[in-house]
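Notes follow the structure.
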Amino acid sequence: MPRFVAVIFAAVVSLSADSRDRLQGASVAESSPEIEALLTAARGAPPLICAIAARSLNDSWWSGADAPATPLGDARREYGNGLARGPLSGGDLALVLEALDADDACVQELGVRLAARRGGAQAEEAFMARLSSGAAGQRAIAAMGLGLMDTEAAVAPLLGTLRDAEPTVRANAAWALGRIEHGSALQPLTRAMSDASATVRAAAVVAVGQLDSVSSVPALSRILRTDAEASVRRLAAWALGELGSRDGISALAGALRDDREPRVREMSAWALGEIGGRSADGSLHDALRRDADETVRETAAWALGEIGDRGSADVLAAAAADDRSSRVRGTAAWAIGNVAERSGSAPGALLRVLQDESADTRLKAAWALGEVRDPSAAGQIEAALNRETDAHVRRALIRALLLAGGGSRESVSALLSSRDPTVREAAIRGLVGREAFGPWPWPWPRPRPFP
């Protein structure tokens, strides 16, 4: 049983949104380790374990009943919802707490999560008691469980645990205090950002970012400038972005310019976009023009789009037209739609992007032109529509043409009589009510760097 739990649980949990996106993009000839591990472990698994795994893979967008006839049959219905509702019975709680002492890591993992989710006051008492266990692993489990329970009664014991001899225990205590978000933890967590262990420093930085106090900006800025670990510096940039204080702009701009690690520069660009304000524009302009890493340049373009200052339009247009990365060109085009919204004046470089080799970039350029609404661009948009072969880009061009107020009677008539129903729909949407037409299609840019 533990082997089935360990392998299936790990395989199902590993199928995160990012993993699913990656799998969808894989070629038919490829196979993924997640799928292979899941299907290999599923052969001969007990129905309970299989039903739990199946439930984890359910589509979340539809709340209707399950299919009438599934391969598991009655076992699927009997076990599929058993872990989702209600407090644990006395017997189940005893089993779950016993699992915390198991010699199997997966059984412990399931035990601490079940106890925290459904164990109530008895589980809280058990976790509190284990904070003083002689075994570091048990103390780490206890801190994790209390963090999952998000109970203020645990704040004082966890503050004491920040001084534990074991880094893993201190790290879990810092993480738990960040989840509970109690103001009394701010100063101890700030001190923990100087811990000898990078794992503890990272956990403390994230926790401080969750506490939403701008008084921590100087300490986070210092970490961003001086910490030896890139992963910790990256988290400090994230926390500064979360806090949203303009006092952090100087440190973030310096990291964007000087940090040797692209992932730190990327997060610094993201944070500047979150904070906003014209004082962030100059460093983002420089990063978009000069940074060697395409992810940093793309995030800088995204950040400028988030800030929305029209003074960035020319820099973004140059990137959309000339950057060597299609990802950067596309995100820069998207950003122009934000910074030049309803300006009535489309940068010439943006119109050249309608001939980009990347359909995704052309799509974002077409969307941006719809946001700008420049009547003088209608002729070039119509010419692009006549040569475009990608259906998604064509719809975006139709939207741009109609929102710009252009298009000849003949061209609009041709759109309305198109054999492609999606083209007819786009034309009708635009003609019936241009404002109701809305931001469609909506080409979201890629960068979302979180810790």
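Of all residues in the range 316-329, those satisfying the criterion of being buried (at least 22 other Cβ atoms within 10 Å of the Cβ) and either of a type in the set (A, V, I, L, M, F, W, C) or at pLDDT below 95 (or both) are Leu316, Ala317, Ala319, Ala320, Val328.
Only one of the numbered conditions (1) at pLDDT below 95; (2) within 23 Å of the chain's Cα centre (by Cα); (3) more than 21 Å from Gly282 (Cβ to Cβ) is violated by Glu306, and that is (3). Looking across the range 211-230, the residues that are part of a helix (DSSP H, G or I), crowded, with 18+ Cβ neighbours inside 10 Å and of a type outside the set (Ser, Thr, Tyr) come down to Leu211, Val217, Ala219, Leu220, Ile223, Leu224.
With the condition kept exactly as written, say whether any residue in the range 186-197 is touching a residue at least 12 places away in the same chain (Cβ under 8 Å) and under 22 Å from the mean Cα position of the chain (by Cα). No: zero hits. Could you look through the range 374-405, keep only residues that are assigned to a helix (DSSP H, G or I) and of a type in the set (D, E, K, R), and pick out the one that is surrounded by the most Cβ atoms within 10 Å (Cβ to Cβ)? The qualifying residue surrounded by the most Cβ atoms within 10 Å (Cβ to Cβ) is Arg399.
So, Arg191, is that one surrounded by 18 or more Cβ atoms within 10 Å (Cβ to Cβ) and closer than 20 Å to Gly209 by Cα or not? No, not satisfied. You will find that of Glu435, Glu371, Glu425, Glu410, the residue that is modelled with pLDDT of 85 or more, in a helix (DSSP H, G or I) and of a type in the set (Asp, Glu) is Glu371 and no other.
Going through Asp227, Asp258, Asp212 one at a time, which residue ends up being on the phi > 0 side of the Ramachandran plot and of a type in the set (Asp, Glu)?
On the way: Asp227 fails: on the phi > 0 side of the Ramachandran plot; Asp258 fails: on the phi > 0 side of the Ramachandran plot.
One residue alone meets the criteria, Asp212.
Checking each residue in the range 153-163 for being within 18 Å of Ala126 (Cβ to Cβ), buried (at least 16 other Cβ atoms within 10 Å of the Cβ) and either touching a Lys or Arg at 6+ places or on another chain (Cβ under 8 Å) or free of Cβ contacts under 8 Å to residues at least 12 places away in the same chain (or both) picks out only Thr161. Residue by residue through the range 386-396, note down the ones that are modelled with pLDDT under 90 and within 24 Å of Glu341 (Cβ to Cβ). Those that are modelled with pLDDT under 90 and within 24 Å of Glu341 (Cβ to Cβ): His392, Arg394, Arg395, Ala396. All of (1) surrounded by fewer than 17 Cβ atoms within 10 Å (Cβ to Cβ); (2) on the phi > 0 side of the Ramachandran plot hold for Gly276 with one exception: (1). Among the residues of the range 237-262, the ones that are within 20 Å of the chain's Cα centre (by Cα) and touching a residue at least 40 places away in the same chain (Cβ under 8 Å) come to 1 in all.
Would you point out which residue out of Ala176, Ala135, Ala116 is more than 23 Å from Asp227 (Cβ to Cβ) and touching a Gly at 6+ places or on another chain (Cβ under 9 Å)?
Numbers: Ala176 fails: more than 23 Å from Asp227 (Cβ to Cβ); Ala135 fails: touching a Gly at 6+ places or on another chain (Cβ under 9 Å).
None of the others qualify; the one that does is Ala116.
Looking only at the range 343-368, residues that are among the polar types (S, T, N, Q), at pLDDT 95 or above and either in contact with a strand residue (DSSP E or B) (Cβ under 8 Å, 6 or more places away or on another chain) or in a loop (DSSP other than H, G, I, E, B) (or both) come to 1 in all.
For the range 173-188, give me the residue count where each residue is of a type in the set (A, V, I, L, M) and either outside any helix (DSSP H, G or I) or farther than 21 Å from Ser132 by Cβ (or both). Even if it seems obvious, please write down each step before you answer.
Pass one, the range 173-188, residues of a type in the set (A, V, I, L, M): 173-174, 176-177, 180, 185-186.
If we keep only those that are either outside any helix (DSSP H, G or I) or farther than 21 Å from Ser132 by Cβ (or both) as well, we get 186.
Matching residues across the range 173-188 total 1.
To keep it simple, each residue is scored yes or no on (1) outside any helix (DSSP H, G or I); (2) without any contact (Cβ under 8 Å) to a residue 24 or more places away in the chain; (3) of a type in the set (Val, Ile, Thr).
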| position | (1), (2), (3) |
| --- | --- |
| Thr299 | no, no, yes |
| Ala318 | no, no, no |
| Val328 | no, no, yes |
| Thr331 | no, no, yes |
| Gly337 | no, no, no |
| Glu341 | yes, no, no |
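For the range 98-116, filtering for residues that are modelled with pLDDT of 90 or more, part of a helix (DSSP H, G or I) and touching a helix residue (DSSP H, G or I) at 6+ places or on another chain (Cβ under 7 Å) leaves 5. Exactly one residue out of Gly134, Gly145 is in contact (Cβ under 8 Å) with a residue 12 or more places away in the chain and either surrounded by fewer than 21 Cβ atoms within 10 Å (Cβ to Cβ) or assigned to a helix (DSSP H, G or I) (or both): that is Gly145.
The values are calculated or read from the model by the stated rules, or taken from the named source; none is laboratory data. Predicted model only: the values in this text are computed from it and were never measured. Glycine also receives a Cβ, built like all others from the backbone with ideal geometry; neighbour counts cover every protein chain displayed.
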